[in-house]
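First up is the structure itself, then whatever we jot down about it.
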Amino acid sequence: MEHLLGPLTRSQSNALVGRITEHFLREGFGFWAVEAPGIASFIGMVGIGIPSYTAPFTPCVEVGWRLARQYWRQGFATEAAQAALEFGFETVDLSEIVALTVPGNARSRAVMSKLGMTRTAYDDFDHPLVPAGHPLTRHVLYRLSKEAWLRTRGLSRTLG
Ligand SMILES: CC(C)(COP(=O)(O)OP(=O)(O)OC[C@H]1O[C@@H](n2cnc3c(N)ncnc32)[C@H](O)[C@@H]1OP(=O)(O)O)[C@@H](O)C(=O)NCCC(=O)NCCS
């Protein structure tokens, strides 16, 4: 969870890259490095992954993102996440992809909504990797089924 709780040290960053690499080798997908062509070769990471913990909604595949601050608010997270969802639904053939965050992360929740993901309060949960009582323990869960994704995609293609 350290990647959600603040800046990473170099050793935390290296350990995270190690876990992401293992995930790619094991599952065939994971969190990709994001390039903004003509702007920067590496602006952050976006991808799909299998959470390592147990919760009411696991086993599952989640979509997630983290971009360097200077690249926020330009649509990059949404664009990259759309590509990750396409890979998850079309190549991996997943039936559902979820996303999770703390209730106060309005930017991340806005990305989830823009992706067509929906949240019900029934799915709210205490993250098992965050200590009980910590301000970031409570999480909201967003879901997107393959059927809903195909509908959203058809609509966006129709609208051009
Ligand atoms: C979450 C994050 C990836 C969003 O990246 P981004 O490139 O800014 O996302 P987008 O530009 O695609 O969309 C952001 C949307 O957030 C909304 N938004 C932006 N600022 C906002 C604010 N202060 N309050 C509420 N909503 C806001 C807007 O709707 C915006 O969409 P719009 O530009 O079409 O209006 C980025 O903020 C980040 O890396 N944060 C730190 C890591 C993190 O929180 N990761 C998620 C952990 S669950």
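Counting the residues of the stretch 91-119 that are touching a Lys or Arg at 6+ places or on another chain (Cβ under 9 Å) and either within 9 Å of TYR142 (Cβ to Cβ) or within 12 Å of the ligand (Cβ to nearest atom) (or both) gives 12. Cβ-Cβ distances below 8 Å connect the following pairs, each with a first residue in the stretch 8-24 that is closer than 21 Å to ILE50 by Cβ, a second residue that is hydrophobic (A, V, I, L, M, F, W, C) and outside any helix (DSSP H, G or I), and a separation of six or more residues or different chains: LEU16/LEU8; ILE20/PHE31; ILE20/MET45; HIS23/PHE29; HIS23/PHE31; HIS23/ILE50. The condition of being modelled with pLDDT of 95 or more, among the β-branched types (Val, Ile, Thr) and crowded, with 19+ Cβ neighbours inside 10 Å holds for VAL111. Residues considered: ALA55, ALA132, ALA121, ALA80. Of these, the only one that is more than 28 Å from ALA36 (Cβ to Cβ) and surrounded by 17 or more Cβ atoms within 10 Å (Cβ to Cβ) is ALA55.
Annotation: of all residues in the stretch 106-134 being touching a strand residue (DSSP E or B) at 6+ places or on another chain (Cβ under 9 Å) and in a loop (DSSP other than H, G, I, E, B), the one that is farthest from ALA83 (Cα to Cα) is ALA132. One residue alone among GLY6, GLY88, GLY64, GLY44 is more than 11 Å from the ligand (Cβ to nearest atom) and not hydroxyl-bearing (Ser, Thr, Tyr), and that residue is GLY88.
The values are calculated or read from the model by the stated rules, or taken from the named source; none is laboratory data. None of these values were measured; they are calculated from a predicted model. Methodologically, a virtual Cβ is constructed for each residue, glycine included, from the backbone with ideal geometry; neighbour enumeration extends over all protein chains shown.
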